[in-house]
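Remarks on the structure that follows.
The values are calculated or read from the model by the stated rules, or taken from the named source; none is laboratory data. Everything numeric in this text was worked out from a predicted model, so none of it was measured. Virtual Cβ from ideal backbone geometry, glycine too; neighbours counted across all protein chains shown. Heavy atoms of the whole protein, side chains included, go into the accessibility calculation; ligands, DNA and RNA do not. Shrake-Rupley method; radii C 1.70, N 1.55, O 1.52, S 1.80 Å.
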Amino acid sequence: EAGVAQSPRYKIIEKRQSVAFWCNPISGHATLYWYQQILGQGPKLLIQFQNNGVVDDSQLPKDRFSAERLKGVDSTLKIQPAKLEDSAVYLCASSLLPVGYGYTFGSGTRLTVV
Amino acid sequence: DQQVKQNSPSLSVQEGRISILNCDYTNSMFDYFLWYKKYPAEGPTFLISISSIKDKNEDGRFTVFLNKSAKHLSLHIVPSQPGDSAVYFCAARWTGNQFYFGTGTSLTVIP
């Protein structure tokens, strides 16, 4: 089966600019997750979708981050405006079951904010 | 607040020997644990899991041990191979939707 697709692979922006990341999960996976991994740390959940509904966004900085999953398939994560501390790898993952027995991760988007 | 800790940032092991990666957690309500393996420029890939009702799970060269009283999880790789060189993350779930990840241990298997 095809894996979780993410784009772009790399992005460099200046602070206060906006940026968007795209994720296409594995076909049939109802649950989709966005994680943020800062250098030297483990991945941290930003938001979880079940189909096109939000299950958990408690750690999403909603003043600058937004995410949507239209039609319950693809998802986009947006940052506006970006700060230096947003520099990280943004990982998308999907799973069959809502509680995520073994996510499948994409390769991630490495964001550098300068 | 780091609920899942991997205190060894790196580990080097000779090929053929055993690799032991450790993970400690603080929340006794965690009920499911996973290990992920990550190569550079790739996303983490699922390796092995264990439920809190078990103390051991084995899959080929990989065995995960869970000591609930000590809140300690370990991954054993026997025998270690150069292709096992990667960053290993442990993750734990608490009666909900998300997994809490450790900071990772970089394993180098020396040929």
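On average, how much accessible surface per residue is there in chain A, in Å², for a 1.4 Å probe, leaving out ligands, DNA and RNA? Don't skip to the end; give the middle numbers.
Details: 5520 Å² over 114 residues.
About 48 Å² of surface per residue is accessible.
Over chain A, what is the mean sequence separation of C-alpha contacts under 8 Å (at least six apart), divided by residue count, expressed as relative contact order in percent?
Details: 292 pairs, mean separation 42.2, N = 114.
Over chain A, the number comes to 37 percent.
What percent does the relative contact order of region A:1-51 come to when contacts are Cα pairs within less than 8 Å and at least six residues apart?
Values: 54 pairs, mean separation 15.4, N = 51.
Relative contact order for region A:1-51 comes out at 30 percent.
So what does log10 I(q)/I(0) come out to for the protein assembly as shown at q = 0.07, 0.08 Å⁻¹, using the Debye formula with one equal point on every Cα and no solvent?
Per q value, in the given order, log10 I(q)/I(0) is -0.22, -0.29.
Where Rh denotes the Kirkwood radius from the mean inverse Cα pair distance, what is Rg over Rh for chain A? Provide the component values of the computation, followed by the final result.
Working: Rg = 13.1 Å, Rh = 13.9 Å.
Taking Rh as the inverse mean 1/r over Cα pairs, Rg/Rh reads 0.94.
Write out the chymotrypsin sites (Phe, Trp or Tyr not before Pro) in region A:27-114 meeting two conditions: DSSP loop, and at most 16 other Cβ atoms within 10 Å of their Cβ. Kindly include the intermediate steps, with their values, before the conclusion.
Details: sites: A:Tyr33, A:Trp34, A:Tyr35, A:Phe49, A:Phe65, A:Tyr90, A:Tyr101, A:Tyr103, A:Phe105; in loops: A:Tyr101, A:Tyr103.
Listed in order of number, the matching sites are A:Tyr101.
In straight Cα distance, which lysines are under 16 Å from B:Lys54, not counting same-chain residues fewer than 8 positions off?
Straight-distance partners of B:Lys54: B:Lys68, B:Lys71.
Any residues in region B:24-47 that have 30 Å² or more less accessible area with all protein chains than in their chain alone, probe 1.4 Å, and which are they?
B:Tyr32, B:Tyr36, B:Ala41, B:Gly43, B:Pro44
If you roll a 1.4 Å probe over region A:14-114 with all protein chains in place, what percent of the accessible area is carbon or sulfur? If you can, show how the numbers build up before the last one.
On the way: 2350 of 4580 Å².
Answer for region A:14-114 is 51 percent, counting heavy atoms of protein chains only.
Rounded to whole Hz and in sequence order, give me ³J(HN,Hα) for region B:78-88 from the Karplus expression 6.51 cos²θ - 1.76 cosθ + 1.60, θ = phi - 60°, writing x for Gly and Pro.
Going residue by residue, I get 9, x, 6, 10, x, x, 7, 4, 5, 9, 10 Hz, with x marking Gly and Pro.
Find how many whole Å separate the alpha carbon centroid of region A:1-22 from the alpha carbon centroid of region A:69-114.
8
Which residues, if any, in region A:22-67 lose at least 10 square angstrom of accessible heavy-atom surface (probe 1.4 Å) when the other protein chains sit next to their chain rather than the chain being alone?
With the partner chains in place, region A:22-67 has these residues losing at least 10 Å²: A:Tyr35, A:Gln37, A:Gly40, A:Gln41, A:Gly42, A:Pro43, A:Leu45, A:Gln48, A:Val55, A:Asp56, A:Gln59.
Pairs of lysine in chain A with Cα under 22 Å and at least 8 positions apart or on different chains: total?
14
Counting only protein heavy atoms and rolling a 1.4 Å probe, how much accessible area do B and A lose on contact, total for both sides, in Å² to 100?
Working: alone 6080 and 6290 Å², together 10800 Å².
The contact between A and B buries close to 1600 Å².
Tell me the net charge near A:Phe21. Cut-off is 15 Å between Cβ atoms, A:Phe21 excluded, with +1 for each Lys or Arg and -1 for each Asp or Glu.
Surrounding charge for A:Phe21 is +3.
How large is the charge dipole for chain B, taken about the Cα centre, if only the Cβ atoms of Lys, Arg (+1) and Asp, Glu (-1) carry charge, to the nearest 20 debye?
On the way: 10 positive and 9 negative charges, 26 e Å.
Computed charge dipole of chain B: roughly 120 debye.
How much accessible area per residue does chain B have, counting only protein heavy atoms and a probe of 1.4 Å, in square angstrom?
Per residue, chain B has an accessible area of 48 Å².
For region A:33-71, which trypsin sites (Lys or Arg not before Pro) pass both filters: DSSP loop (anything but H, G, I, E, B) and at most 16 other C-beta atoms within 10 Å?
Numbers: sites: A:Lys44, A:Lys62, A:Arg64, A:Arg69, A:Lys71; in loops: A:Lys62, A:Arg64, A:Arg69.
Filter output for region A:33-71: A:Lys62, A:Arg64.
Report the extension gain between A:Val114 and A:Arg9 in nm, rounded to one decimal, defined as 0.36 nm multiplied by the number of residues separating them, less their alpha carbon distance. Don't skip to the end; give the middle numbers.
Working: separation 105, 0.36 × 105 = 37.80 nm, distance 1.71 nm.
36.1 nm is the gain from fully extending A:Val114 to A:Arg9.
Relative contact order (percent) for chain B, with alpha-carbon contacts under 8 angstrom and 6 or more residues of separation?
Details: 272 pairs, mean separation 41.4, N = 111.
Reported relative contact order: 37 percent.
For chain B, which semi-axes, largest first and in whole Å, follow from the square roots of 5 times the eigenvalues of its Cα gyration tensor?
Details: eigenvalues 103, 43, 29 Å².
Each semi-axis is the square root of five times an eigenvalue, giving 23, 15, 12 Å.
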